[in-house]
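Q: Let me give you the structure first, and then I'll get to my questions.
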Amino acid sequence: MKFQIEDVTVYFPYDNIYPEQYAYMLELKRALDAKGHCLLEMPTGTGKTIALLSLITSYTLSNPKTPLKLIYCTRTVHEMEKTLAELKLLHDYQLRHLGPQARILALGLSSRKNLCVNPRVIAKENRDSVDAACRKLTATWVRALAAENPDVPTCEFFEQFERAGPAAVLPPGVYTLQDLRAFGKEKGWCPYFLARHMVQFANVVVYSYQYLLDPKVAGIISKEMQKESVVVFDEAHNIDNVCIEALSVSVRRQTLEGARRNLNKMRQEIDRFKATDAGRLRAEYNRLVDGLAQRGNLPISDTWLANPALPDDILKEAVPGNIRRAEHFLHVLRRLVQYLEGRLETENVEKEGPIGFVASINTHAGIDQKTLKFCYDRLHSLMLTLEITDTDEFLHIQTICDFATLVGTYTRGFSIIIEPFDERMPHIPDPVLQLSCHDASLAIKPVFERFQSVVITSGTLSPIDLYPRLLNFNPVVSRSFTMSLTRDCICPMVLTRGSDQLPVSTKFDMRSDLGVVRNYGRLLLEMVSVVPDGIVCFFVSYSYMDGIVNSWNETGILKEIMQHKLVFIETQDVVETTLALDNYRKACDCGRGAVFFSVARGKVAEGIDFDRHYGRLVIMFGVPFQYTLSKILLARLEYLRDTFQIKEGDFLTFDALRQAAQCVGRVIRSKADYGMMIFADKRYSRHDKRSKLPGWILSHLRDAHLNLSTDMALHIAREFLRKMAQPYDKAGGSGRKTLLSQEDLEKMSDRIVEEMLY
């Protein structure tokens, strides 16, 4: 269908549109017109992705003079593929209506591991080894050697891509990772470098958050992007954590031992070069006098992770004299490693700010702040000079230099925390020194400043007013949408006590109480006997799940559950979990029914959908608070309180409830779907906790469902399932329309749309 939103003709590839999709597009258009940033919360399963893609591509088609580039960030490769599949459908529809003028180039960009087609390289087990294997075949000095000696192995795909030169381009179209690999094989070009090259010319780029938020990666991949871009962060409820992880570094004993090995290897290389090619080291010295920016644009195959922190003006300075010569720089790094080894030999937990830490390094190791700042780039320069290709072996020294640069650059928003052992296993010494970032706005600030519009969207952004404070920006539009339904297909319940009227909770003083464990087991047992197909249970942590499943096994509850449905469990091993999920789906498909035990904040809670019969009920056992004794969390809470006036309790509750909402939101993935959510903890009945759930869940949570015992919940579940079995009108005949056709939209004025949504 096609329709007008003010001056934009929107091309939408389906015959009907949900009212909330229409309202979502209206708000999004306002933000694009205002050239500002926006926060939009839209319930899961209401077609958020296609609404975003349709509006932004149609907006560009309506304003051909100022084309907007769309940078769409997802969290997983699976989500990236889903987005590109939707875009393909939309693009075909636009081509049918508009012909060649609607042509665009859209592609996904991922790591070498997901795009490489060279069988020798792709055989490596992890990402770092694949990257290093690729460098061994494509670095400029390797290729120069190969030109003289045909026995030196190179990558034929990269060679052909280089030979094609300016002719190596992607024709317009929408390319998933699979399409890029197929195209690369057919042409004999390397898909990874082709995609990297084409990113700057593409109209739509879909890639991972890290490519924009992690300064090391963003510095090489995203520096070409123009200001007239719309950046979309999809499923962005955890965006503050992603920003923090991008600027945090942890150093363990293994890191320091590895760094020492790296330094010895580099020492040998320097000696070798001194004997055979001293001019190369001299040339590097002269280049460093001119400043780092003078090293020019490197060939694409030699580019390294960019600097984690340095602004451009510093790159024009000369590198400090004491680290210009390669051997002097190695001495500085040795002193730094030695200093860090000394700091790890501690018996107590230590916490320090960056300023104090840098002063201490200066006193004990004689390395000043400016030298620390340049460590990362100086290392990069040295590794290029020494022609090192097995970069996966040099990760340790990179970590140390990354740490040094961050400590030398930022004076606030960070803490250095040294812990002699993990609190959960105090008898095993495992010292760790962590540079932890507390301020999420540091990593995302360049994105807000550089791009015209940034859209942060997810199914759970409640309370929505906390995100602008955490990320330190002013959105021009901030809206939360509800779900328009023809029938109440979501049934949330808060269960506060078992059938014996004992309260249930995972509070620390109650969680190991046998009464609570028994009541949780009874709740699940009653539900498996009533609810058909799949049931998903979420626990607050792996250790709690292990403990409770063991207790159920000893008391025979697990055996009784198994008589109704099969039980599958998520573990910390990705392969085991994938296998368990596949078998869970098989059990649901064949009608046997199954229960899946999972953990909040785990892999399953974040990205796996339990739509249709794979999830008819989800039970959240407890409130998934973070481990509140964690030193890093305590330091972050203190920073949030002092800087943004966010109280500790508020932040912890907000964080726990966005995880809980994320878990239960897995069960409903479209409007034809139906499912029940049970929040099994007495704390959910308190208003301050409950009110932080997303509006689309709260609007279905009736007062009568707020303080239930197991038998009451069972009765409600039976009634709900009976009601869901009745036929219903999908378009919503009685007064409120939940599916709008093109004619409906033409008849409607904006006033009616507003009424439908509020």
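Q: Would you mind telling me which numbered condition in (1) more than 25 Å from the chain's Cα centre (by Cα); (2) among the hydroxyl-bearing types (Ser, Thr, Tyr); (3) open to solvent by less than 30 Å² (accessible area, probe 1.4 Å) Thr9 fails?
A: (3)
Q: Now for a separate question. When you check Pro694 against the structure, is it over 17 Å from Thr496 (Cβ atoms) and crowded, with 21+ Cβ neighbours inside 10 Å, yes or no?
A: So Pro694 fits the description; yes.
Q: While we're looking at this one, here's another question. Any residue at all in the range 45-58 that's in contact (Cβ under 8 Å) with a residue 12 or more places away in the chain, at positive phi and either in a helix (DSSP H, G or I) or out of contact with any strand residue (DSSP E or B) (no Cβ under 6 Å at 6 or more places or on another chain) (or both)?
A: Checked the range 45-58: at least one residue is in contact (Cβ under 8 Å) with a residue 12 or more places away in the chain, at positive phi and either in a helix (DSSP H, G or I) or out of contact with any strand residue (DSSP E or B) (no Cβ under 6 Å at 6 or more places or on another chain) (or both).
Q: For the range 411-423, give me each residue that is in contact with a helix residue (DSSP H, G or I) (Cβ under 8 Å, 6 or more places away or on another chain) and either assigned to a loop (DSSP other than H, G, I, E, B) or assigned by the TED database to the domain that holds Ile239 (or both).
A: Scanning the range 411-423 gives Thr411, Arg412, Gly413.
To keep it simple, each residue is scored yes or no on (1) on the phi < 0 side of the Ramachandran plot; (2) at pLDDT 95 or above; (3) in contact with a Leu (Cβ under 8 Å, 6 or more places away or on another chain); (4) small (Gly, Ala, Ser).
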position: Lys2; (1), (2), (3), (4): yes, no, no, no
position: Val8; (1), (2), (3), (4): yes, no, yes, no
position: Lys65; (1), (2), (3), (4): yes, no, no, no
position: Ile71; (1), (2), (3), (4): yes, yes, yes, no
position: Gln94; (1), (2), (3), (4): yes, yes, yes, no
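Q: In addition: Among Arg658, Arg718, Arg669, which is the only one that is buried (at least 17 other Cβ atoms within 10 Å of the Cβ), of a type in the set (Lys, Arg), in contact (Cβ under 8 Å) with a residue 24 or more places away in the chain and outside any loop (DSSP other than H, G, I, E, B)?
A: The match here is Arg658.
Q: Go through the residues of the range 538-561 one by one and say whether even a single one is open to solvent by 70 Å² or more (accessible area, probe 1.4 Å) and either in contact with a Ser or Thr (Cβ under 6 Å, 6 or more places away or on another chain) or in a strand (DSSP E or B) (or both).
A: no
Q: Something else about it: Looking at the range 404-425, which of the residues that are charged (D, E, K, R) and within 20 Å of Arg253 (Cα to Cα) is surrounded by the most Cβ atoms within 10 Å (Cβ to Cβ)?
A: Per the criteria, the residue is Glu419.
Q: When the residues of the range 52-90 are narrowed to those that are among the β-branched types (Val, Ile, Thr) and open to solvent by 20 Å² or more (accessible area, probe 1.4 Å), which ends up farthest from the chain's Cα centre (by Cα)?
A: So the residue we want is Thr66.
Q: OK, next. Search the range 375-392 for residues that are in the same structural domain as Val407 (by the TED database) and farther than 22 Å from Asn126 by Cβ and pair each with any residue that is open to solvent by less than 10 Å² (accessible area, probe 1.4 Å) and not hydrophobic (A, V, I, L, M, F, W, C) when their beta-carbon atoms are under 6 Å apart and the residues are at least 6 apart or on different chains.
A: Cys375/Thr405; Tyr376/Thr405; Thr385/Glu284
Q: Right, here's the next one. Go through the range 705-742 and give me each residue that's among the small types (Gly, Ala, Ser) and either touching a His at 6+ places or on another chain (Cβ under 9 Å) or closer than 19 Å to Val664 by Cβ (or both).
A: Passing the criteria: Ala713, Ala717.
Q: Sticking with this structure for a sec: Mind counting the residues in the range 331-350 that are in a helix (DSSP H, G or I) and exposed (fewer than 13 other Cβ atoms within 10 Å of the Cβ)?
A: Adding up the residues that qualify gives 1.
Q: Checking Gln94 against (1) within 30 Å of the chain's Cα centre (by Cα); (2) open to solvent by less than 50 Å² (accessible area, probe 1.4 Å), only one condition comes out false. Which one?
A: Tallying (1) within 30 Å of the chain's Cα centre (by Cα); (2) open to solvent by less than 50 Å² (accessible area, probe 1.4 Å), Gln94 fails exactly one: (1).
Q: Look through the range 426-452, keep the residues that are touching a helix residue (DSSP H, G or I) at 6+ places or on another chain (Cβ under 6 Å) and in a loop (DSSP other than H, G, I, E, B), and return whichever of them is surrounded by the fewest Cβ atoms within 10 Å (Cβ to Cβ).
A: Only one residue tops the list, namely His438.
Each row is one residue, and each column tells you yes or no for (1) within 30 Å of Ile416 (Cβ to Cβ); (2) without any contact (Cβ under 8 Å) to a residue 24 or more places away in the chain; (3) open to solvent by 80 Å² or more (accessible area, probe 1.4 Å).
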| residue | (1), (2), (3) |
| --- | --- |
| Met225 | no, no, no |
| Val230 | no, no, no |
| Asn241 | yes, no, no |
| Thr255 | yes, no, no |
| Asp277 | no, yes, no |
| Leu281 | no, no, no |
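Q: Let me ask another. Looking at this structure, is Arg683 open to solvent by 10 Å² or more (accessible area, probe 1.4 Å) and under 22 Å from Thr496 (Cβ atoms)?
A: yes
Q: Please name all residue pairs, on different chains or six or more residues apart, with Cβ atoms under 8 Å, provided the first residue is in the range 145-162 and is within 13 Å of Tyr192 (Cβ to Cβ) and the second residue is modelled with pLDDT under 90 and surrounded by 13 or more Cβ atoms within 10 Å (Cβ to Cβ).
A: Phe158/Ser301
Q: Mind counting the residues in the range 453-481 that are under 22 Å from Leu32 (Cα atoms) and outside any helix (DSSP H, G or I)?
A: 20
Q: If Gln726 satisfies every condition in (1) in contact (Cβ under 8 Å) with a residue 60 or more places away in the chain; (2) out of contact with any strand residue (DSSP E or B) (no Cβ under 6 Å at 6 or more places or on another chain) but one, which is the exception?
A: Only one criterion is unmet by Gln726, namely (1).
Q: Conditions: (1) touching a strand residue (DSSP E or B) at 6+ places or on another chain (Cβ under 6 Å); (2) open to solvent by 10 Å² or more (accessible area, probe 1.4 Å); (3) in a loop (DSSP other than H, G, I, E, B). Phe568 meets all but one. Number of the miss?
A: Among (1) touching a strand residue (DSSP E or B) at 6+ places or on another chain (Cβ under 6 Å); (2) open to solvent by 10 Å² or more (accessible area, probe 1.4 Å); (3) in a loop (DSSP other than H, G, I, E, B), Phe568 violates only (3).
Q: Could you say whether any residue in the range 76-83 is closer than 30 Å to Leu386 by Cβ and among the hydroxyl-bearing types (Ser, Thr, Tyr)?
A: No, there is no match, as no residue in the range 76-83 is closer than 30 Å to Leu386 by Cβ and among the hydroxyl-bearing types (Ser, Thr, Tyr).
Q: Assess whether Tyr14 counts as being open to solvent by 10 Å² or more (accessible area, probe 1.4 Å) and without any contact (Cβ under 8 Å) to a residue 40 or more places away in the chain.
A: Considered against the rule, which asks whether it is open to solvent by 10 Å² or more (accessible area, probe 1.4 Å) and without any contact (Cβ under 8 Å) to a residue 40 or more places away in the chain, Tyr14 comes out as yes.
Q: A further question follows. Checking Val575 against (1) of a type in the set (Val, Ile, Thr); (2) surrounded by fewer than 17 Cβ atoms within 10 Å (Cβ to Cβ); (3) in contact (Cβ under 8 Å) with a residue 12 or more places away in the chain, only one condition comes out false. Which one?
A: Tallying (1) of a type in the set (Val, Ile, Thr); (2) surrounded by fewer than 17 Cβ atoms within 10 Å (Cβ to Cβ); (3) in contact (Cβ under 8 Å) with a residue 12 or more places away in the chain, Val575 fails exactly one: (3).
The values are calculated or read from the model by the stated rules, or taken from the named source; none is laboratory data. It should be emphasised that the depicted structure is a prediction, and the values quoted were computed from it without experimental measurement. Methodologically, a virtual Cβ is constructed for each residue, glycine included, from the backbone with ideal geometry; neighbour enumeration extends over all protein chains shown. All accessible areas refer to the heavy atoms of the entire protein, side chains included, with ligands and DNA or RNA removed. Shrake-Rupley method; radii C 1.70, N 1.55, O 1.52, S 1.80 Å.
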